[in-house]
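Visitor: There's a structure below that I have some questions on.
Values in this text are rule-based calculations from the coordinates and carry no lab data. Please read these numbers as outputs of a predicted model, since none were measured by experiment. Methodologically, a virtual Cβ is constructed for each residue, glycine included, from the backbone with ideal geometry; neighbour enumeration extends over all protein chains shown.
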Ligand code: SF4
């Protein structure tokens, strides 16, 4: 199992809280972007040939050389429109035949989510859309600076489901003014419209986004961390009551609708990132991992798309340490046997020693006779703090 992530770096306008890598404009230069992807892939041809050459990994289920999942993220992939998506899909099918057979996700903004776009998603092999719904309240969407309406958010979900696509909807919580009742209504509307997977994010404001300037001008307020915690709790309560499993720190799904591509990240599988600011990870038999990050910014990336901004090979022990906290994002728990196959440089005693303090605090627990280590129920909110302690 391994996956491909392609970063599509275009947005029609900038949402004031967002620090992702994108270029603003209504008419993306798809041709230049695809030419950049082709140059990146050919510049990395030797690396890719070696990568897919069937290198033996420590775990049996990791020897598969196919690209089982594809994720087109951004930015706004749906801004490419049906024709642009078709071109990107054609390139992908030529360069990586069979990629995405297990899952092929396209991020879509609700204002683009109509039958024509979904037909294009299906035509390139898409199986799933991740919709940037964010809120179903007019006040929430206005505060977040989104261009779509609540009705468009819900219609885009229903149209995707009608097109035979699996649907994930994003929900941002903790925006100033949001209420418990509002979160419950969001969840009820998203799930009734057909979302079987919901990703929940607390609104966080980075310094280099427009939001701080809007705060200085009196047009926005900064989110409050206690309010955010309350809204996250309200979302969890409503989503689990609606029958979705809280299976990853930020993700909820009906049974069988878990995001397979995202699970690759949490279960230490290889992934190839293409496009500006995309990241790649490749695991080796000794448990070491090669991490690579592309340059940020479309113009810079286009100048030399195959030279990374950063590349680092983590030692087996450093990779194992990192693997502990990524594995614990899966709230169903970390499979210790699979973990030790992936990271053969460490032992069960090493895991026990590393996690002893968090187990004693009740944040982590061993279950199933010690086969599974997981974040204790109700403690997911402290995942970052637990992770910081494990990494220390
Ligand atoms: S559409 Fe998405 S990627 Fe683009 S600015 Fe808004 S939140 Fe960021």
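Visitor: So if I take the centroid of the Cα atoms in region 261-306 and the same for region 125-181, what is the distance between those two points in Å?
Guide: Region 261-306 and region 125-181 have Cα centres spaced 28 Å from each other.
Visitor: Once the cut-off is 25 Å, how many percent of the Cα-Cα pairs in region 207-348 end up in the long-distance tail?
Guide: Roughly 52 percent, rounded to a whole number.
Visitor: Also: Report the calculated FRET efficiency for residue 217 and residue 93 (r = Cβ-Cβ distance, R0 = 56 Å), to the nearest 0.05.
Guide: 0.75
Visitor: Turning to a different aspect of this structure: Which order results if 68, 168 are arranged by neighbouring Cβ count within 10 Å, fewest first?
Guide: 68, 168
Visitor: Under the 0.36 nm per residue contour assumption, what length would be gained going from the current alpha-carbon distance of residue 101 and residue 391 to full extension?
Guide: Computed gain between residue 101 and residue 391 is 100.9 nm.
Visitor: Something else now. Using only alpha carbon pairs under 8 Å that are at least six residues apart, calculate the relative contact order of region 333-392 and give it in whole percent.
Guide: Relative contact order, region 333-392: 35 percent.
Visitor: Please provide three numbers in whole Å: the alpha-carbon extents of region 279-356 along the principal axes, with the largest listed first.
Guide: 48, 26, 18
Visitor: Still on this structure, please answer the following. Mind telling me which of 50, 21, 186 comes out most flexible in a GNM of the chain, alpha-carbon contacts under 10 Å?
Guide: For the chain, modelled as a Gaussian network with Cα springs under 10 Å, the answer is 50.
Visitor: What is the ratio of the Cα radius of gyration of region 182-235 to 2.2 N^0.38 Å, where N is its residue count, to two decimals?
Guide: 1.41
Visitor: So what are the radius of gyration and Dmax for the Cα set of region 327-379, in Å?
Guide: So, for region 327-379, Rg and Dmax equal 10.5, 32 Å respectively.
Visitor: While we're looking at this one, here's another question. How do 183, 289, 147 rank when sorted from fewest to most other Cβ atoms within 10 Å of their own Cβ?
Guide: Fewest to most other Cβ atoms nearby, the residues stand as 147, 289, 183.
Visitor: Now, a different point. State the Cα centre-to-centre distance between region 1-45 and region 328-385 in whole Å.
Guide: Region 1-45 and region 328-385 have Cα centres separated by 36 Å.
Visitor: Here's a follow-up. Find how much the distance from residue 50 to residue 205 grows on full extension, using 0.36 nm per residue of separation minus their present alpha carbon separation; answer in nm with one decimal.
Guide: That works out to 51.8 nm of additional length.
Visitor: Over the chain, what is the relative contact order in whole percent, taking alpha-carbon pairs under 8 Å and six or more residues apart?
Guide: 16
Visitor: Using a Förster distance of 41 Å, how high is the FRET efficiency between residue 317 and residue 226, based on the Cβ-Cβ distance and rounded to 0.05?
Guide: Result of the calculation: an efficiency of 0.60.
Visitor: Right, something else. So, in nm, how far is label residue 360 from label residue 66 when the simple model puts each one 7 Å beyond its Cα toward the Cβ?
Guide: 4.8
Visitor: Give the percent of DSSP beta bridges with both residues in the chain that are antiparallel, rounded to the nearest 5.
Guide: 45
Visitor: Using a Förster radius of 35 Å, what is the FRET efficiency between residue 179 and residue 23 based on their Cβ-Cβ separation? Nearest 0.05, please.
Guide: 0.45
Visitor: Gaussian network model of the chain, Cα springs within a sub-10 Å range: biggest mean-square fluctuation belongs to which of 264, 331, 222?
Guide: Sorting by GNM fluctuation, first place goes to 222.
Visitor: Moving to a separate point now. What would the Debye formula give as log10 I(q)/I(0) at q = 0.08, 0.09 Å⁻¹ for the alpha-carbon point model of the chain, no solvent?
Guide: -0.42, -0.54
Visitor: Report Rg(Cα)/(2.2 N^0.38 Å) for region 67-158, keeping two decimals.
Guide: Dividing the Cα radius of gyration by 2.2 N^0.38 Å gives 1.13.
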